[in-house]
Each structure stands twice: as C-alpha cells, then as structure tokens.
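Colleague: Below are the structure tokens for one structure; questions will follow.
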Amino acid sequence: MTTRSRGGTGLLNGRSELGVAALLGALAVIVAVDTANIRHTAVNAGVMGPQVVPTIIAIGLALCAIALAISVLRGGHGDPEDGEDIDLSIPAHWPTVFGLAGLILGYALVLDPLGYVIASSILFYGSALLLGSRRYVWALVIGILLSLGTFYGFVLGLGIMLPAGLLTGIL
C-alpha cells in the first residue's frame, strides 16, 4: 500500500487519473452518439449491420472509464513511468521532436501530389535520419520497400486505393 505525500486535504487531491477516466467517458459518449446516428441503407445492410462494432467499442470505453474511476476513488493510482532504457532526467531533444512533427505535416501536404509510395518513403527516411540512423542507403531502401509493401497490401489485399501520385500508371 502506498501513501500520498502531496499537500492539501481535498477528496480529489492527487487524483488526476480521474481526468483520464472522464476523457474515456466522454469518448464513450461521442462514439455512442455517432453510432446512434448511423443510417441503415441497402449498401450497409448485412448480418450484423454497421452499428455493432462501434457499440461494442463505446461499451468497452465506458466500462474502462467506470473501472478506472472506481480504482482511483478507492486509492489506486498509476506509478510514474520509470522507463526501460532511457534516462528520464535528460530533457527532450526539441529539434528532433519538431523535426518529426514537420515531417508528419509535410507528409500530409505532399501525400496526394507525390503519392503514397514516394511520400511514405520520404517520411520513413527522414524519420530514420532524425532519430540517428547513419546508414543512409539502407534506410532509404527499407523506406521504399515498406512503402511499396504497404501500398500493395492495401490495394491488392484490401481493395483500398491509395494515391499513386507521380507513379500513376507505373504502380
């Protein structure tokens, strides 16, 4: 049993995990409301219908929110992250964080004109370099292979068309 050594005597003092429970509960309500607004059409009519999976997800979110709230109110709390192989005393390397954020933003902007394969290859290659890879050619080859594999997995395996962009007619 652990004791809290935080200041204050309020009932909710030291119970910030209730915010996570509230967020889960709000998400459950949003999913449930959106699920209730799904229209049944001849296209989506089937054995189960389009509302089954979102309903299960909404119920699961609500149950998690309730269980977490009960646990926190009974004195339970999450332990601070110790980290497995990182030193938590070192601050974040903000150039890397902002570089990755910029790559993701750039990816969103060039996905349609360049196409999935080229944009994803650039995203993987840039991410690998920002995270410290010095194997430049190998990172590029892996990025291209992952992008092509994912592209064909979606297009051929799932029937979901991804933008081909500059490679239209080639892929």
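Residue by residue, here is whether (1) over 30 Å from Ala28 (Cβ atoms); (2) out of contact with any Ser or Thr (no Cβ under 6 Å at 6 or more places or on another chain); (3) touching a residue at least 60 places away in the same chain (Cβ under 8 Å); (4) of a type outside the set (Ser, Thr, Tyr) holds:
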{"position": "Cys64", "(1), (2), (3), (4)": "no, yes, no, yes"}
{"position": "Gly76", "(1), (2), (3), (4)": "no, yes, no, yes"}
{"position": "Ile90", "(1), (2), (3), (4)": "yes, yes, no, yes"}
{"position": "Trp94", "(1), (2), (3), (4)": "yes, yes, no, yes"}
{"position": "Pro113", "(1), (2), (3), (4)": "yes, yes, no, yes"}
{"position": "Ser120", "(1), (2), (3), (4)": "yes, no, no, no"}
{"position": "Tyr136", "(1), (2), (3), (4)": "yes, yes, no, no"}
{"position": "Gly153", "(1), (2), (3), (4)": "yes, yes, no, yes"}
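Colleague: So, one more: Give the residue that is nearest to Leu73 (Cα to Cα), with candidates limited to residues of segment 44-62 that are of a type outside the set (Gly, Ala, Ser) and at pLDDT below 75. Before you say what the answer is, go through the steps one by one.
Modeller: Let us first name the residues in segment 44-62 that are of a type outside the set (Gly, Ala, Ser), namely 44, 47-48, 50-57, 59, 61.
Still in the running and at pLDDT below 75: 44, 47-48.
Working: Asn44: 43, Val47: 41, Met48: 38 Å.
Selected residue: Met48.
Colleague: Of all residues in segment 79-135, which are at pLDDT below 95, farther than 30 Å from Glu17 by Cα and of a type in the set (S, T, N, Q)?
Modeller: Passing the criteria: only Ser133.
Colleague: Would you mind telling me which numbered condition in (1) assigned to a loop (DSSP other than H, G, I, E, B); (2) under 19 Å from the mean Cα position of the chain (by Cα) Gly132 fails?
Modeller: With respect to (1) assigned to a loop (DSSP other than H, G, I, E, B); (2) under 19 Å from the mean Cα position of the chain (by Cα), Gly132 is out only on (2).
Colleague: Identify, please: which residue in segment 1-43 is under 13 Å from Gly75 (Cβ atoms) and within 27 Å of the chain's Cα centre (by Cα) and is, among those, modelled with the highest pLDDT?
Modeller: Only one residue tops the list, namely Leu18.
Colleague: May I pose another question? Just to be sure before I move on: is Leu103 over 24 Å from Leu27 (Cα atoms) and surrounded by 13 or more Cβ atoms within 10 Å (Cβ to Cβ) in the structure I sent? Spell out how you get there, then give the answer.
Modeller: Working: over 24 Å from Leu27 (Cα atoms): yes; surrounded by 13 or more Cβ atoms within 10 Å (Cβ to Cβ): yes.
Considered against the rule, which asks whether it is over 24 Å from Leu27 (Cα atoms) and surrounded by 13 or more Cβ atoms within 10 Å (Cβ to Cβ), Leu103 comes out as yes.
Colleague: While we're here: If Gly157 passes every condition in (1) within 23 Å of the chain's Cα centre (by Cα); (2) part of a loop (DSSP other than H, G, I, E, B); (3) surrounded by fewer than 11 Cβ atoms within 10 Å (Cβ to Cβ) but one, which one does it miss?
Modeller: Condition (2) is where Gly157 drops out.
The values are calculated or read from the model by the stated rules, or taken from the named source; none is laboratory data. In this text the structure is predicted, and so the values were computed from the model without any measurement. Cβ: placed from backbone, ideal geometry, glycine included. Neighbour counts: every protein chain shown.
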